[in-house]
Protein chains: 4
Amino acid sequence: MVEAGSAARRGRPRSEAARSAVLTAAAELALEGGPAAATVEAIAKRAHVSRTTIYKWWPSAASIVLEGLLDAVRASITRPSGSTSVQALVHHVSSLNAILADPAVGPLLRNVIAASTSDPAIERAVLDQWIAPRRAAVAVTLREAVDRGELPGDVDIEVAVDALVSPPYYRLVLGMPPLAAEAVDRLVETVWSGCRH
Amino acid sequence: MVEAGSAARRGRPRSEAARSAVLTAAAELALEGGPAAATVEAIAKRAHVSRTTIYKWWPSAASIVLEGLLDAVRASITRPSGSTSVQALVHHVSSLNAILADPAVGPLLRNVIAASTSDPAIERAVLDQWIAPRRAAVAVTLREAVDRGELPGDVDIEVAVDALVSPPYYRLVLGMPPLAAEAVDRLVETVWSGCRH
Amino acid sequence: MVEAGSAARRGRPRSEAARSAVLTAAAELALEGGPAAATVEAIAKRAHVSRTTIYKWWPSAASIVLEGLLDAVRASITRPSGSTSVQALVHHVSSLNAILADPAVGPLLRNVIAASTSDPAIERAVLDQWIAPRRAAVAVTLREAVDRGELPGDVDIEVAVDALVSPPYYRLVLGMPPLAAEAVDRLVETVWSGCRH
Amino acid sequence: MVEAGSAARRGRPRSEAARSAVLTAAAELALEGGPAAATVEAIAKRAHVSRTTIYKWWPSAASIVLEGLLDAVRASITRPSGSTSVQALVHHVSSLNAILADPAVGPLLRNVIAASTSDPAIERAVLDQWIAPRRAAVAVTLREAVDRGELPGDVDIEVAVDALVSPPYYRLVLGMPPLAAEAVDRLVETVWSGCRH
DNA sequence: TTCTAATCGAGACGGTACGTCAGGTCTTCTC
DNA sequence: GAGAAGACCTGACGTACCGTCTCGATTAGAA
């Protein structure tokens, strides 16, 4: 999709100012007034960008919010070097929980997840670009623990990942209060020791 | 909402036929065409009921779907007598998972949860009438296990409930495949033994 | 199209206020700013009527202008009793010329004729409801003159009608100055005596 | 607009291929799909020319159609030498009628006339470059007849011209069937003898 | 031969209006 | 008084063209 260096491109280049204004406006509107407020029309007006330009680059308002979200939390999956498996898991789940509890991120993600119900493209993007990499990070940590003999070889990784990452999403999506930090610790400990029999 | 016997009521009584036709039409439309298809307009047309009547009794299309949902799975929370704690938990989580995986229920609930994002009334109703009773059933079972000494007294019930019930919702809402029956078994076993240290 | 007395009609009746506000607004806009100004959007705004209501009753902006035009000049075809054939023809052509030269009518008709180029429905309506009755009035007068022996029996009525009524339209549509009253007199005299050989 | 010989112009010269491709494409589109089809966008696409180029040379789609029209029928006004006045008039009106009835010309002219309603530049061009020369040819013939004593000196030339040339335009613009050849003959005879008293 | 001036093509952009859809409200008549 | 029918307003949708604006590529005469 992106040319390698030289590639001369004809025509007027895309306006980066317009793109970022749209992303910002969408996020602000969604945070202020909920998903219903982030219409293409309102975004265009606030971003001082024409509606046609928006439709040229994005298929729906939800896709704009999603792109802004992915931009904002890009590279937020880190694994602390020199730590025990449990510490690594706590780090993963804690940072996931923190992101979802962040008042500037959680509501946006909730909107996007709601939109994914009626828009397969959004659903795919959420799964591929948001869910999958985060599940993978947890799964890798668990598999390394199995390799090191810390966990038995018959552990069902998928089930363990589900138990670890579901609660923050569940609470976000249903409008329940987010997990406290200590609750996250207990959750990880419970699942970890449950995996060891 | 429903009066007790005596009140006599003047005028034409509410049509039960209209109510059930509306609920059925809403469910069918939502299953056939997703959330976007279950508009008040379409429901009215399919149910052969006037739009005015619908607006008189329900505030939104989502509330109709929710009411139909609650009608359909009323009294679906049962606890098998004469069973071990683990068996009871497996029963609870399995039946929850089965309901959410049911192609006639899951999509509807997913719609309603999506609608709860932008409608506080729906959010409240989902929490109070759907989520709370099911969490309570699991929590009661866990507390009984603590009382019987099967689990230590310092178990964090809320965390354990989260770990047990979140995965089916998480998978439903994100459009992932539902948990297999054996995965449910392993999930309960993992959390149960994790709670025992 | 309209029911005779009894018919009782269910539902909210059509708003006559809205209809006339739309017709007035369309005429005003078309007179002020030319055909390009009389958009459905602008008409709706000026008439304080919603766009949807307009689309419910009219298929296009031009059809609104046309309806207003037909309303305004309804029953404008009269034939003076007790007059010679030539006087009757002068009357017909003069009043046609006056209407087309009327600054409150001519421009509107010109707009509608322009719209008829790209809209067959408008074209049909103009021919049937505007052109045909006026041609018929002239043709009747000519045929009566033939019957009375004032004109020979082999006169080509259609050709004579064309010669009499075309010039005012021609001048209107091309933006030329309208015919003066005396020019109309001379036109009728010329065609009349030309028909007598 | 056109340079006097020598001037030599620097820079890339205007592409004649582009010009004629645009004129052809505009005519084809207008004939196929009516005035609404001949948009600048569609013309550009069919002519394989960029929109910018079109806007550089023409102010509107209608002006393109008009230019093509004038190109096509240039020098179509001829007067047959050695003929009576009536024959010359019949020749003029017949060829005008034939041009307007030509399925490759009439619809285009009708489009352009419609566009003249909302575009003063088009209106001017139509009057100056299309209408005026044709009226002049007829008027000259009539004046020669007066000079030769075939017509009385008090003939109103303008009125006579109107009566002769209006009908074909009138019928074209309103979508009526064109005049038959014999009808043209009768029209000229009627007006001619009407002018002689 | 390089400059320089004009063209042409490609495509992004801000706009305006389109015609449609759904949400809600209101008015009238019927059961 | 409930319900049906239907007119109405509001607001957003996604699309089509408009006319303007950068760009780069091309083509010639002029320095």
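The values are calculated or read from the model by the stated rules, or taken from the named source; none is laboratory data. All values derive from a computational prediction rather than experimental measurement. Positions of Cβ are generated from backbone atoms using ideal geometry, with glycine treated the same way; all protein chains shown enter the neighbour counts.
Brief remarks on what is shown
- First in the stretch B:107-134 and among the aromatic types (Phe, Trp, Tyr), second anywhere and in a helix (DSSP H, G or I), Cβ under 8 Å, 6 or more apart: B:Trp130/B:Leu69; B:Trp130/B:Leu70; B:Trp130/B:Leu109
- Enumeration of residues in the stretch A:92-122 that are among the acidic types (Asp, Glu) and more than 27 Å from B:Pro35 (Cα to Cα): A:Asp102
- Candidate set from the stretch C:52-66 (those that are within 19 Å of C:Ile122 (Cα to Cα) and within 14 Å of DNA strand F (Cβ to nearest atom)); member that is surrounded by the fewest Cβ atoms within 10 Å (Cβ to Cβ): C:Lys56
- Just one of the listed residues (D:Val49, D:Val73) is within 11 Å of the chain's Cα centre (by Cα) and surrounded by 12 or more Cβ atoms within 10 Å (Cβ to Cβ), namely D:Val73.
- Remark: B:Val146 falls outside the filter, which requires a residue to be of a type outside the set (Gly, Ala, Ser), more than 8 Å from chain A (Cβ to nearest Cβ) and closer than 26 Å to A:Val161 by Cβ.
- Any hit, the stretch D:37-46, residues being more than 11 Å from DNA strand F (Cβ to nearest atom) and at pLDDT 95 or above: yes
Here is a yes/no grid of residues against (1) without any contact (Cβ under 8 Å) to a residue 40 or more places away in the chain; (2) aliphatic (A, V, I, L, M); (3) within 27 Å of D:Ile99 (Cβ to Cβ):
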{"site": "D:Ala25", "(1), (2), (3)": "yes, yes, yes"}
{"site": "D:Ile43", "(1), (2), (3)": "yes, yes, yes"}
{"site": "D:Ser50", "(1), (2), (3)": "yes, no, no"}
{"site": "D:Ile54", "(1), (2), (3)": "yes, yes, yes"}
{"site": "D:Gly68", "(1), (2), (3)": "no, no, yes"}
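- Odd one out for B:Ser76, checked against (1) within 25 Å of B:Asp162 (Cβ to Cβ); (2) modelled with pLDDT under 90; (3) within 16 Å of DNA strand E (Cβ to nearest atom): (3)
- Subset tally (residues that are among the β-branched types (Val, Ile, Thr), assigned to a loop (DSSP other than H, G, I, E, B) and free of Cβ contacts under 8 Å to residues at least 40 places away in the same chain) for the stretch A:135-160: 0
- Residues within the stretch A:38-62 that are out of contact with any helix residue (DSSP H, G or I) (no Cβ under 7 Å at 6 or more places or on another chain) and more than 13 Å from DNA strand E (Cβ to nearest atom), tallied: 1
- Only one of A:Ala104, A:Ala98 that is more than 16 Å from DNA strand E (Cβ to nearest atom), under 22 Å from A:Val184 (Cα atoms), of a type in the set (A, V, I, L, M, F, W, C) and not in a loop (DSSP other than H, G, I, E, B): A:Ala98
- Within the option set A:Val86, A:Val65, being away from DNA strand E (no atom under 13 Å from the Cβ), within 14 Å of chain B (Cβ to nearest Cβ) and more than 19 Å from the chain's Cα centre (by Cα) holds for one residue only, A:Val86.
- Single residue of D:Val138, D:Val155 found to be in contact with a His (Cβ under 6 Å, 6 or more places away or on another chain), more than 7 Å from chain C (Cβ to nearest Cβ) and more than 24 Å from D:Ala62 (Cβ to Cβ): D:Val138
- Filtering the stretch A:102-125 to residues that are facing chain B (nearest Cβ under 7 Å), modelled with pLDDT of 95 or more and surrounded by fewer than 23 Cβ atoms within 10 Å (Cβ to Cβ) leaves only A:Glu123.
- Test: residue in the stretch D:82-93 that is free of Cβ contacts under 8 Å to residues at least 40 places away in the same chain and within 12 Å of DNA strand F (Cβ to nearest atom): no
- One residue from C:Leu70, C:Leu23, C:Leu31 being within 14 Å of chain D (Cβ to nearest Cβ) and either more than 27 Å from D:Val159 (Cβ to Cβ) or more than 10 Å from DNA strand E (Cβ to nearest atom) (or both): C:Leu31
- Among the residues of the stretch B:161-191, those that are assigned to a helix (DSSP H, G or I) and more than 7 Å from chain A (Cβ to nearest Cβ) comprise B:Val161, B:Leu164, B:Val165, B:Pro168, B:Arg171, B:Leu172, B:Ala181, B:Glu182, B:Val184, B:Asp185, B:Val188, B:Glu189.
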